[in-house]
1. Looking at V67, is it under 20 Å from K146 (Cα atoms) and under 13 Å from the mean Cα position of the chain (by Cα)?
2. Can you name the residue in region 15-37 that is open to solvent by 50 Å² or more (accessible area, probe 1.4 Å) and touching a residue at least 12 places away in the same chain (Cβ under 8 Å) and is also farthest from the ligand (Cβ to nearest atom) among such residues?
3. What number of residues in region 42-71 are in contact with a Ser or Thr (Cβ under 7 Å, 6 or more places away or on another chain) and among the charged types (D, E, K, R)?
4. Here are some residues: F167, F161, F130. Which one is at pLDDT 95 or above and in contact with a helix residue (DSSP H, G or I) (Cβ under 8 Å, 6 or more places away or on another chain)?
5. Identify, by number, the condition in (1) farther than 20 Å from A213 by Cα; (2) open to solvent by 60 Å² or more (accessible area, probe 1.4 Å); (3) assigned to a loop (DSSP other than H, G, I, E, B); (4) at pLDDT 95 or above that D82 doesn't meet.
6. Conditions: (1) assigned to a loop (DSSP other than H, G, I, E, B); (2) more than 21 Å from K123 (Cβ to Cβ); (3) in contact with a strand residue (DSSP E or B) (Cβ under 9 Å, 6 or more places away or on another chain). I66 meets all but one. Number of the miss?
7. Can you tell me which residue within region 90-116, out of those that are among the acidic types (D, E) and under 17 Å from L22 (Cβ atoms), is least open to solvent (accessible area, probe 1.4 Å)?
8. How many residues are touching a strand residue (DSSP E or B) at 6+ places or on another chain (Cβ under 9 Å), in a loop (DSSP other than H, G, I, E, B) and either open to solvent by 50 Å² or more (accessible area, probe 1.4 Å) or among the acidic types (D, E) (or both) when one looks only at region 48-63?
Amino acid sequence: MNFAGWREVSMVDYPGKIALTLFTSGCNFDCPYCHNAELKKKVEHTLKEDTVFDFIDYRRRVYDAIVVTGGEPSLYSSELIDFLMRLRESFPEKLLKVDTNGSNPDFIDRLYGIVEFVALDIKALDYSSFSNTSFYTILESLEAVKHFLDYEIRLTMYPPFIKEEDFPKYIKLLEGVKRVAVQQYRPVDSVQPYDMSVLEHFVKMLKPHVQQAYIKF
Ligand code: SF4
């Protein structure tokens, strides 16, 4: 499988590890705050699979991990699974991680046994204004990621989607999960972000209910 591009060295895409990050293009969501506008639409994937393998092989000692992110990687379902299996066989010592918006729980199930880490976005309690995905599907994805050796649930604190009055509902939803990353929404429209004290308060509310909660910068 080919890719839209890469980040040659990332210290932020796999917690605590040095990673090569690969980007797929195209997304089935239309989040108003998307900062990946250039990857939201499908573009030609000009970065060849064999180039990626040669690159990793040459710098084998540099990387702890390989991360696939988007756009939305699950749109490449079988093709991406084949790529990840080839990575697994060629570089068994590398940690593998995939980021997803949770629209395809079957894809997450298929990653099991191939990748160590899945990061799942939970964007709202109602997805109808920006996708065709039901919240029930997101709940299935949430259950699917819990089987992985490592996983993270990421919440982007866009006030119209994650409302302060709904914080208790999110806490109930996330009860017992391994790691929750709460990240500030970076303004792209007239919607003002929460004050950081609101995020800190939310993390404080989460902490007794999850194994780890933190603000992701
Ligand atoms: S899921 Fe991610 S890539 Fe897709 S529109 Fe939303 S923020 Fe952008």
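The values are calculated or read from the model by the stated rules, or taken from the named source; none is laboratory data. Owing to the predicted nature of the structure, the values given are computational and were not obtained by experimental measurement. As a convention, Cβ positions derive from the backbone with ideal geometry for all residues, glycine included, and neighbour counts pool all protein chains shown. For accessibility, only protein heavy atoms count, side chains too; no ligands or nucleic acids. Shrake-Rupley method; radii C 1.70, N 1.55, O 1.52, S 1.80 Å.
1. yes
2. First, the residues of region 15-37 that are open to solvent by 50 Å² or more (accessible area, probe 1.4 Å): 15-18, 28, 30, 32, 35-37.
Adding the requirement that they be touching a residue at least 12 places away in the same chain (Cβ under 8 Å) leaves 15, 17-18, 28, 30, 32, 35-36.
Details: P15: 19, K17: 22, I18: 24, N28: 7, D30: 6, P32: 9, H35: 7, N36: 4 Å.
The selected residue is I18.
3. 1
4. On the way: F161 fails: in contact with a helix residue (DSSP H, G or I) (Cβ under 8 Å, 6 or more places away or on another chain); F130 fails: in contact with a helix residue (DSSP H, G or I) (Cβ under 8 Å, 6 or more places away or on another chain).
Among F167, F161, F130, only F167 is at pLDDT 95 or above and in contact with a helix residue (DSSP H, G or I) (Cβ under 8 Å, 6 or more places away or on another chain).
5. Every listed condition holds for D82 apart from (3).
6. It fails just one condition, (1).
7. Pass one, region 90-116, residues among the acidic types (D, E): 93, 99, 106, 109, 116.
If we keep only those that are under 17 Å from L22 (Cβ atoms) as well, we get 99, 116.
Working: D99: 14, E116: 37 Å².
The extreme case among them is D99.
8. Total satisfying the criteria: 3.
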